[in-house]
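Engineer: Here you go, one structure.
The values are calculated or read from the model by the stated rules, or taken from the named source; none is laboratory data. Because the structure is predicted, anything quoted here is derived from the model rather than measured. Neighbour counts run over all protein chains shown; Cβ positions are idealised from the backbone, glycine included.
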Amino acid sequence: MTRKRVFADTNVILECFRINVWAELTQRCQVETVEMCVTETLTGDRTRTDFIEVDPERLKKGLHKVHPVSKRELDLFNLTYEKMASLDDGELHLYAYLWSNKVRLSEVVVLSTADKGAVLRANDLPDWLDWIQSLQELLRDAKLPRAKIDAVGPQHTAAFLSKVRTDVRNGVIP
């Protein structure tokens, strides 16, 4: 059986570690990301009360691929989609990789993010808005136990993503 190909951003990876579903998700899905998301996942402000410790070995073991993004890819992407410059580095690199390498999102099946800005900017790329899936939906599709699916934070739920999508389409979030 072919595993679902998933491109995950930093926030999704961190949430998977927070609720302890990383190993199960990466066994059931082919999870990929970009180098910048790995860097962001492994760093951060350790003094924050909500800091999530990520074991680098567990992270790398679970990832199917970690893609580099060249300066040229970033520059071309930013020139083509100037509004993307407002994204966090991880999401920017992730979008630049997918766009530059002409990854067909219909083949990827899902781009998973919990960042409102990343969802908003996806609307600028033809058909991308429909290919974003919440972590909750992803875990449900991967047939994880309901208790783990229900443990996701509010910004990782299907309801949150649905509301953001609707607001973007209606121009509420410009």
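Engineer: Would you point out the residue of the stretch 63-94, among those that are among the small types (Gly, Ala, Ser) and surrounded by fewer than 19 Cβ atoms within 10 Å (Cβ to Cβ), that is nearest to Arg3 (Cα to Cα)?
Structural biologist: Ser70
Engineer: Cβ-Cβ distance below 6 Å, separation of 6 or more or different chains: which pairs start in the stretch 89-103 with a residue that is hydrophobic (A, V, I, L, M, F, W, C) and end on one that is at pLDDT 90 or above and in a helix (DSSP H, G or I)?
Structural biologist: From residues that are hydrophobic (A, V, I, L, M, F, W, C), the pairs are Ala96/Glu73; Ala96/Leu74; Ala96/Phe77; Trp99/Phe77.
Engineer: Please specify each residue of the stretch 24-62 satisfying the condition of being aliphatic (A, V, I, L, M) and surrounded by fewer than 13 Cβ atoms within 10 Å (Cβ to Cβ).
Structural biologist: Matches in the stretch 24-62: none.
Engineer: A further question on this structure: For the stretch 159-174, enumerate the residues that are surrounded by 16 or more Cβ atoms within 10 Å (Cβ to Cβ) and in a helix (DSSP H, G or I).
Structural biologist: Correct list: Phe160, Leu161, Val164, Arg165, Val168.
Engineer: Search the stretch 35-59 for residues that are within 22 Å of Glu24 (Cα to Cα) and pair each with any residue that is small (Gly, Ala, Ser) and loosely packed, with under 15 Cβ neighbours inside 10 Å when their beta-carbon atoms are under 8 Å apart and the residues are at least 6 apart or on different chains.
Structural biologist: Note: pairs meeting the criteria are Arg58/Ala23.
Engineer: Name the residues in the stretch 98-115 that are at pLDDT below 70 and assigned to a loop (DSSP other than H, G, I, E, B), would you?
Structural biologist: Within the stretch 98-115, Val109, Thr113, Ala114, Asp115 qualify.
Engineer: For the stretch 116-148, name all the residues that are under 19 Å from Asn20 (Cβ atoms) and in a helix (DSSP H, G or I).
Structural biologist: Within the stretch 116-148, Leu135, Gln136, Glu137, Leu138, Leu139, Arg140, Asp141, Arg146, Ala147, Lys148 qualify.
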